[in-house]
Amino acid sequence: MMKKGLLLIPTFLFVLQLTNAQQQVGVWNVKNGKIETNKSENDQLGVQYWECIHSILPNDLLNKYVLSLRLFSDGKSEDMGGMNQLDETVEFWQIDLDTADMNIFTRDSIQILDYTHTLIHEFGHLLTLNTSQIELTDDETEDPDRGYLTTEGYAIKGSYLNRFVEAFWKPNLLKEWDRINKKKNKKKLVDRLYDFYLDHAQEFVTDYAAESPEEDIAESWTFFVLSDKPMRSGGKYQKIKFFYQFPELVKYRTHIRENISSIPVSYVENFKQN
Ligand SMILES: [Zn+2]
């Protein structure tokens, strides 16, 4: 559920096997928003990363759901890490970060903005896929009466994702995307998803957003936080404006913007696709 800028995980894993192996930097338990050191050689680094994350992202959800921090590296790009569920219950989450992609010691403003985007995007997954948002199920095919089916379960009626899909993923678009998603050949899948993005480029804030409704809401949420409120309407601008109807999300936005080192100018207009 991660990997901003790379369309698909399988291709990426393939590349990974051919190039860099992942080096583990460390894993730490987190309890009620506090990291627990474990006498490993990188304890201090773990604490520094956790403090960085905790100082930017809203604490209530982190404290409630995040039980673990894992740092690793496979070099730049490749796997950037993500917010991952520790099991199928969507109650327990781990933050995985590549220390090469997210170098919290850098002074390069582009790199800082890049990892800030990634952190906010990842938080978007926690926000939209936690237990208050998703009803677990064993259904493998979607029951249209129950709404949009994610890998873990149905987006609960009234959840952010359910409302987002109802507003922006009309049945025809979902059908078109579903057909593409059935492709078994990974290269074809990546190509077709990119064509899908190009066919609907006005609707998506980035190419990565077109990968799925889950990525679309995480990316749109990121632009909601980092952009000014759009003056324009329709298409991707409407997706950014969507979040303003939720006062708690406007508060999160304010919190994050107060805690990042700089706020980009006209982010959605200036954003360069990878
Ligand atoms: Zn993602």
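Can you name every one of the strands (runs of 3 or more DSSP E) wholly within region 50-104 that holds 1 or more residues which are closer than 28 Å to G153 by Cα and among the acidic types (D, E)?
93-98
Out of the residues in region 152-164 that are touching a Leu at 6+ places or on another chain (Cβ under 8 Å) and within 16 Å of the ligand (Cβ to nearest atom), which is nearest to M80 (Cα to Cα)?
Of everything passing the filter in region 152-164, E152 is nearest to M80 (Cα to Cα).
Among the residues that make up region 238-251, is at least one of them farther than 24 Å from I53 by Cβ, surrounded by 14 or more Cβ atoms within 10 Å (Cβ to Cβ) and without any contact (Cβ under 8 Å) to a residue 60 or more places away in the chain?
yes
Does S220 satisfy being within 16 Å of the ligand (Cβ to nearest atom) and among the small types (G, A, S)?
Answer is yes for this residue.
Among the residues of region 86-100, which ones are surrounded by fewer than 21 Cβ atoms within 10 Å (Cβ to Cβ), modelled with pLDDT of 90 or more and touching an Asp or Glu at 6+ places or on another chain (Cβ under 9 Å)?
Correct list: D96, A100.
Would you call L129 under 30 Å from Q48 (Cβ atoms), within 14 Å of the ligand (Cβ to nearest atom) and at pLDDT 95 or above?
Here the answer is yes, as L129 does meet what is asked.
Looking at L136, L119, L149 in this structure, which one is within 27 Å of V25 (Cα to Cα) and either within 15 Å of the ligand (Cβ to nearest atom) or not hydroxyl-bearing (S, T, Y) (or both)?
Sole residue among the options that is within 27 Å of V25 (Cα to Cα) and either within 15 Å of the ligand (Cβ to nearest atom) or not hydroxyl-bearing (S, T, Y) (or both): L119.
What's the number of the condition V190 fails, among (1) crowded, with 16+ Cβ neighbours inside 10 Å; (2) modelled with pLDDT of 95 or more; (3) part of a helix (DSSP H, G or I)?
(2)
Do we have any residue at all in region 193-201 that's free of Cβ contacts under 8 Å to residues at least 60 places away in the same chain and under 21 Å from I110 (Cα atoms)?
Checked against the condition, which is being free of Cβ contacts under 8 Å to residues at least 60 places away in the same chain and under 21 Å from I110 (Cα atoms), region 193-201 yields no hits at all.
Please pick out the residue among D108, D87, D101 that is acidic (D, E) and within 16 Å of the ligand (Cβ to nearest atom).
Checking each option against the conditions leaves just D101.
How many residues, within region 129-152, are assigned to a loop (DSSP other than H, G, I, E, B) and surrounded by 17 or more Cβ atoms within 10 Å (Cβ to Cβ)?
Qualifying residue count for the region: 6.
Which count do you get for residues in region 36-49 that are without any contact (Cβ under 8 Å) to a residue 24 or more places away in the chain and in a loop (DSSP other than H, G, I, E, B)?
The number of residues fulfilling the criteria is 5.
Which members of region 46-84 meet the condition of being of a type in the set (S, T, N, Q), touching a strand residue (DSSP E or B) at 6+ places or on another chain (Cβ under 6 Å) and within 16 Å of the ligand (Cβ to nearest atom)?
Hit for region 46-84 is N84, nothing else.
The values are calculated or read from the model by the stated rules, or taken from the named source; none is laboratory data. For clarity, every value in this text was computed on a predicted model and none was experimentally measured. Neighbour counts run over all protein chains shown; Cβ positions are idealised from the backbone, glycine included.
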